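All remarks here apply to the structure that follows.
The values are calculated or read from the model by the stated rules, or taken from the named source; none is laboratory data. Small disclaimer: the values here were computed from a predicted structure and weren't measured. Neighbour counts run over all protein chains shown; Cβ positions are idealised from the backbone, glycine included.
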Amino acid sequence: MLVTGFALLAFAANSILCRMALRDTSIDPASFTSVRIVAGAITLWILVRLGNRRASVAGTWISSFALLAYAIAFSFAYVAVTAGTGALLLFGAVQLIMISAGLAAGERIDFSMALGWMLAVAGLVILVFPGVSAAPATQSALMLCAGAAWGVYSLRGRRSSDPLRDTAGNFARAVPGALLISAIMWRHSSLDRTGMALAALSGSLASGVGYAAWYTALPRLRAIAAANLQLSVPLITSLAGVVLFAEPITVRLASASVLLLGGIALATRHSIKSRAGSR
């Protein structure tokens, strides 16, 4: 649970860093993605070498493609999609992919799980609704693709036997694709120090280390439970705004927090207990 909590905090930090870089600096989405992926690959390679100098990175090409597709689509979508709309599209796609996969694998949804899921989704809608607006079709499609790709990446992580090496290998394999996108978009490239620093921080800590932690937690979670837990990320991001930017705690935020956290707890407790009991 500690590892899962750290991973979810990293996801929220990643959202904050991405939004800050793409909205408050002049860095373009392709360059942001390239710096993010390269920084993550370097950080993870160092961590693998520190653990065992003779160890090599692992991972798979399918997982690395899913990671790259998520990172590219996410960056380009947030150029024109509001935070609220983006959260609904992204996590809606993640839920669809992971819950469908869980059901196909034989997982079953009982009454408490279904009720918890509905409460959590209601909390998410309350949380992001003021920021929801009609987004351009292209950016909306990109965000849906990002959610689907992340769902695939998460599902494949449930098979990981060495999370750090697998994540390092996935990032390393994604580097050529990220650099290729930057090369294709070079005429639209724009860089500044702040944007590059935020992208590097996003890649090294929030993405690299955070995704390794997520791969560590996933084998111990059912697919449906993993999908539900990720609904907490927009809430964590909002609470971070209260702490970091002195944003007020509103009735809406408090209500959404109760629904989201209570719903997630109700939806995942049975799944986590069942998973623990099977070991």
Enumerate the helices (runs of 4 or more DSSP H) found wholly within segment 38-138, keeping only those where 1 or more residues are within 20 Å of Leu155 (Cα to Cα) and charged (D, E, K, R). none
Name the helices (runs of 4 or more DSSP H) wholly inside segment 156-267 in which the number of residues that are free of Cβ contacts under 8 Å to residues at least 60 places away in the same chain, over 26 Å from Thr4 (Cβ atoms) and more than 16 Å from the chain's Cα centre (by Cα) is 2 or more. 163-184, 193-201
Identify all residues within segment 34-86 that are at pLDDT 80 or above, out of contact with any Gly (no Cβ under 6 Å at 6 or more places or on another chain), farther than 14 Å from Arg19 by Cβ and among the polar types (S, T, N, Q); write none if there are none. Ser34, Thr60, Ser63, Ser64
Can you name the residue in segment 81-119 that is β-branched (Val, Ile, Thr), within 22 Å of Leu218 (Cβ to Cβ) and under 18 Å from the mean Cα position of the chain (by Cα) and is also surrounded by the most Cβ atoms within 10 Å (Cβ to Cβ) among such residues? Val94
Pick from segment 28-71 the residues that are of a type in the set (A, V, I, L, M, F, W, C) and buried (at least 24 other Cβ atoms within 10 Å of the Cβ): which of them is nearest to Ser190 (Cα to Cα)? Phe32
